[in-house]
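This report refers to the structure that appears directly beneath it.
Values quoted throughout were computed directly from the atomic coordinates according to the rules given, and no laboratory measurement underlies them. This structure is a prediction, so every number in the text was calculated from the model and none was measured. Here the Cβ positions follow ideal geometry from the backbone for every residue, glycine too, while neighbour counts run over all protein chains shown.
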């Protein structure tokens, strides 16, 4: 039997304890190291905060002088109608992808079904993911409907002008015909997209969890996938809406070149409103998408990977068993029989959860709500 009872006992670093017992302090320093226990991992930090909101670009059509007359080139109106209509399938696809993912259940479930099922902040964050998808789907659908309606109205207006010009031409040749219609009948309605709330009234509350087992169950069962997938789909939707907004602005400028008068002014004003609403919803979708990706890629993985804290003030669990053979002193859940050490571990775990909730609160505050409001409305 070895004269040094510690030489084959692994230390926290995984190396056997050796040393000459005759050397002053050799064994005692190793014993101190052995009984110091394991320290809890430091509370993690995320290097960057949530993304900042970028305001949408503005488009201001050139003001024009409005009198009782008007000028129109019907082919210009028809071309603009076709271009606007071509944007609808692109936007519809982005909306459909978001809807399909939401219907499949892939955009919620960031918390699991154990202790974490009663974690209030997690439940509220999960609810917000659901509200986000359900909010952007109808808001973007409204814009797609406005595009369809605008294209139809322009095509109808171009047809009305063309028919009137044809009748006028026949009248000039001596046939029966009519006059050019009153330009005031072609005023386009001002489109309005309804605002939608996409987050609950509040998120953060003091944590209910008391033990490290409860808290670590929450952290280790975090699911980053719903956040990153929802974020990616919103970025795609924001990109489609940005293309819509740019095309509406370009088409409005083209419209102004081919059509002047009271009806033209009203239609261009409607185009400006459509642009503002599409650009605003695009900026909001991109902001929310970036925030969710930040949570899913930067925040959740860090906290999900934290090892369970074991903080001992005396002998570690293994040494207690080795020295005292007191198996009954070890808690059934795997905690050491050291009450003070367990309290420290619970406190360390509590700090982990508080830090996570702080990041979720930052994400919550960085998400705009309500969405789909025209600037200034």
Extension length gain for residue 351 and residue 156 (0.36 nm per residue less Cα distance), in nm, is 63.8 nm
Residue span residue 298 to residue 120: 0.36 nm per residue of separation minus Cα-Cα distance leaves a gain in nm of 61.9 nm
Of segment 226-254, those with amide N under 15 Å from the point 7 Å along the Cα→Cβ vector of residue 73 are 251-254
Taking R0 as 51 Å and r as the Cβ-Cβ distance between residue 361 and residue 163, the FRET efficiency 1/(1 + (r/R0)^6), rounded to the nearest 0.05, comes to 0.25
So for R0 = 41 Å, FRET eff. of residue 60-residue 97 from the Cβ-Cβ r, to 0.05, ends up at 0.80
Taking r as the C-beta separation of residue 82 and residue 195 and R0 as 25 Å, the FRET efficiency to the nearest 0.05 is 0.20
Here the gain from full extension of residue 90 to residue 340, 0.36 nm per residue of separation minus their alpha-carbon distance, amounts to 83.9 nm
Taking alpha-carbon centroids only, segment 89-127 lies from segment 263-300 a number of Å equal to 21
